[in-house]
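The values are calculated or read from the model by the stated rules, or taken from the named source; none is laboratory data. Because the structure is a prediction, the values reported are computed rather than measured. We place every Cβ from the backbone using ideal geometry, glycine too, and count neighbours over all the protein chains shown.
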Amino acid sequence: MARKTGATQQKSRIIVGATLAVATASVIVATTLATGTSHSTPPAALVAAPAVETNTPPVVEPSCPAGETSVAAEHVGVDGMQNCLPTGSGLTESHVDPLYSEVALELLRTSAPLDESIDIRTPTVVCWNLQDWKQIIEKFRADGVNFGSSLLGWVTPTKGVINLSTHTCKRLDALAHDGATPESTVAASALGTFVHETMHSGSIRDEGIADCYAKQLAYQAAALLGATDDAARMTADLSAEYAHEERAGTEYDDPNCVAGSELDLNVDNTIWS
């Protein structure tokens, strides 16, 4: 049974965290390492709609060569970042990873039945290389955007693209494409970031709810990415530990994120603390 509608969620949860206003007057929902993120209230047009599955692959525009995906500047959140990016896994240049898009869709399908505000869609997941990443950061700063000490990933109001930082993707690639098990909470944080931003792409705007859902879906995400049972459990555990260490008492830390609460998705292998 669905727990709540988008309208109910917006009425009961009025805190909108980690929104970044850019020169184009768009709003970005982002994951950062520290507090100090600027806030602005999203326009009414961003209110989450009831869950509707739009299971379509990332759009390849005619202007892009075969094997590349168009990512518009509005999906990135800064002017001048229109790109035709190669589609593949573990590439050195900025690229779209189709595996991450598929996993994101499955995670939205898992959570949507219990939260009607979630919009099921196939997001395009972009991994930015260091050169492009620095350019994006410089544009954010030039626009006066304050995202704390480190920006890990973000989703703009279009919600069609999940943008992941260079280091986030490298750590996620190690798990998904190299079969490596994270050995630290920082390494495991890439998984939490990916799932957190997936929740934002599904219209969850509240940082605390997005992080709570990400914590519960971490094991499933790791397993879908190809991790063994032991590796998935260890990664989920380290990711939860990272969230506790870095985000306790912040807007990412919802006090209702406990077993049996309204935020409990009731999925297997959840590590609550």
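Conditions (1) polar (S, T, N, Q); (2) out of contact with any Asp or Glu (no Cβ under 8 Å at 6 or more places or on another chain), marked per residue:
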| residue | (1), (2) |
| --- | --- |
| GLY90 | no, no |
| SER94 | yes, no |
| LEU99 | no, yes |
| LEU105 | no, yes |
| ARG109 | no, no |
| PRO113 | no, yes |
| SER117 | yes, yes |
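I need the full set of residues from segment 122-165 which are part of a loop (DSSP other than H, G, I, E, B), β-branched (Val, Ile, Thr) and either touching a strand residue (DSSP E or B) at 6+ places or on another chain (Cβ under 6 Å) or buried (at least 22 other Cβ atoms within 10 Å of the Cβ) (or both), in order please.
Once the filter is applied, which keeps residues that are part of a loop (DSSP other than H, G, I, E, B), β-branched (Val, Ile, Thr) and either touching a strand residue (DSSP E or B) at 6+ places or on another chain (Cβ under 6 Å) or buried (at least 22 other Cβ atoms within 10 Å of the Cβ) (or both), segment 122-165 yields VAL145, THR156.
Quick test of your reading of the structure: GLY249 fulfils all but one of (1) at positive phi; (2) touching a residue at least 12 places away in the same chain (Cβ under 8 Å). Name the failing condition by number.
Just one mismatch for GLY249, condition (2).
Among the residues of segment 93-135, which ones are more than 19 Å from GLY80 (Cβ to Cβ) and of a type in the set (Gly, Ala, Ser)?
Result: SER101, ALA104, SER111, ALA112, SER117.
Somewhere in segment 168-184, is a residue touching a Ser or Thr at 6+ places or on another chain (Cβ under 8 Å), outside any loop (DSSP other than H, G, I, E, B) and free of Cβ contacts under 8 Å to residues at least 60 places away in the same chain?
Yes, segment 168-184 contains a residue that is touching a Ser or Thr at 6+ places or on another chain (Cβ under 8 Å), outside any loop (DSSP other than H, G, I, E, B) and free of Cβ contacts under 8 Å to residues at least 60 places away in the same chain.
Filter segment 249-266 down to residues that are at pLDDT below 90 and within 19 Å of the chain's Cα centre (by Cα), then give me how many there are.
The number of residues fulfilling the criteria is 1.
Can you name the residue in segment 185-228 that is under 16 Å from the mean Cα position of the chain (by Cα) and in a loop (DSSP other than H, G, I, E, B) and, of all such residues, is farthest from ASP97 (Cα to Cα)?
Taking the candidates together, the pick is ASP206.
Considering THR235, THR228, which residue is of a type in the set (Val, Ile, Thr), under 24 Å from VAL186 (Cβ atoms) and surrounded by 17 or more Cβ atoms within 10 Å (Cβ to Cβ)?
THR235
Could you please give the count of residues in segment 252-273 that are free of Cβ contacts under 8 Å to residues at least 40 places away in the same chain and surrounded by 17 or more Cβ atoms within 10 Å (Cβ to Cβ)?
0
Tally up the residues in segment 77-108 that are free of Cβ contacts under 8 Å to residues at least 40 places away in the same chain, surrounded by 17 or more Cβ atoms within 10 Å (Cβ to Cβ) and in a loop (DSSP other than H, G, I, E, B), please.
Number satisfying all stated conditions: 1.
Does ILE136 qualify as being in contact with a Ser or Thr (Cβ under 6 Å, 6 or more places away or on another chain) and modelled with pLDDT of 90 or more?
No, not satisfied.
I'd like the residue in segment 179-211 that is more than 18 Å from ARG233 (Cα to Cα) and β-branched (Val, Ile, Thr) and, out of all such residues, is surrounded by the fewest Cβ atoms within 10 Å (Cβ to Cβ).
It comes out as ILE209.
What about VAL267, is it of a type outside the set (D, E, K, R) and under 19 Å from GLU102 (Cβ atoms)?
Criteria met by VAL267.
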